[in-house]
1. Based on the inverse mean of 1/r over its pairs of different Cα atoms, what is the Kirkwood hydrodynamic radius of region 124-169, in Å?
2. Which whole-number percentage describes the relative contact order of region 2-232, with Cα contacts under 8 Å and a sequence gap of 6 or more?
3. When a footprinting reagent is the concern and you count Cβ atoms within 10 Å, what order do Phe13, Phe27 take, fewest first?
4. So for region 27-135, averaging the separation of alpha carbon pairs under 8 Å that are six or more residues apart and normalising by length, what relative contact order in percent results?
5. Listed highest first by mean packing, meaning other Cβ atoms within 10 Å per residue, what order do 103-111, 135-143 come in?
6. Could you state, as a whole-number percent, how many of the C-alpha pairs of the chain are farther apart than 35 Å?
7. Quick one: which residues, 5+ away or cross-chain, put their amide H under 5 Å from the amide H of Ile214? H built at 1.01 Å from N.
8. Which percent of Cα-Cα pairs in region 37-156 sits in each 10 Å bin, short to long?
Amino acid sequence: MSHHLIEFKDVRFRYPDGTEALKGVSFLITHGESVGIVGANGAGKSTLLLHMNGHLLPTSGAVTVGEVPLLKETRPEIRRKVGVVFQNPDDQLFMPTVFDDVAFGPLNLGLPPDRVRERVHEALRRVNALALVDKPPHHLSGGQKSAVAIATVIAMEPDILVMDEPAASLDPKSRRSVIGLLNSFAHSKIVASHDLDLILDVCARCLVIRDGAIVADGPAPEILSDATLLAENNLELPLTLQGRPAREGARR
């Protein structure tokens, strides 16, 4: 199952304006792990995720997916392994209909039309959006767009699922559906979110990032019940833990 691994080794990234967004990030995510990434706005979460399938390339250090090093020439191969759901669904929806958007990836894999249709319908069913199949994406609500954006990635059947704020625009029912979807995904998944309750629900492990560096890495229940650690990183206890005795000194 080595193709389900993601490893960062001393990854640094500097934007063209000189902003150093990642500062020596190292970690290994193994097959089947569910990993949450939390941190304040501007901590580097989205930049980190964009390195996982080559939307960004490290300034220095190395990213490896399975046994494939992330390089400019290996990005197509890595993008077949790693599916990324962006925070803004408009970044992923650009076709005339929902069907066309969800079919875009499978068609590019060279699948026959009947298999593409099966994948489209199954992906939309899993996010409770099958009724939207013939709708134009620009007519959808924010929550509907988020559900369809998730479907575009699920239809690719990636080995590794990466999601940036997957529940940001969702109503409570749709949020529960996304949690169920994430919990049903058997392979490796990485979720960055300010919704710490969602992280607690779907992730066994949690990384805390601050100013482009990993400052804590451990079991999600320990990390997310450490009130002191969370406060140091401009975060608060998950709502489900507020009002309860908070655990101090989670693993770092």
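1. One over the average 1/r among Cα pairs gives 11.1 Å for region 124-169.
2. The normalised contact order for region 2-232 reaches 27 percent.
3. On the way: Phe13 22, Phe27 16.
So the ranking, lowest neighbour count to highest, is Phe27, Phe13.
4. 16 percent
5. Packing proxy ranking, top to bottom: 103-111, 135-143.
6. In whole percent, the long-distance tail amounts to 14.
7. Correct list: Ser26.
8. 13, 38, 32, 15, 1
We did not get these values from a lab; they are worked out from the coordinates using the rules stated. Being a predicted model, the structure only gives us computed values, none of them experimental. Please note: Cβ atoms are built from the backbone with ideal geometry, for glycine as well, and neighbour counts cover all protein chains shown.
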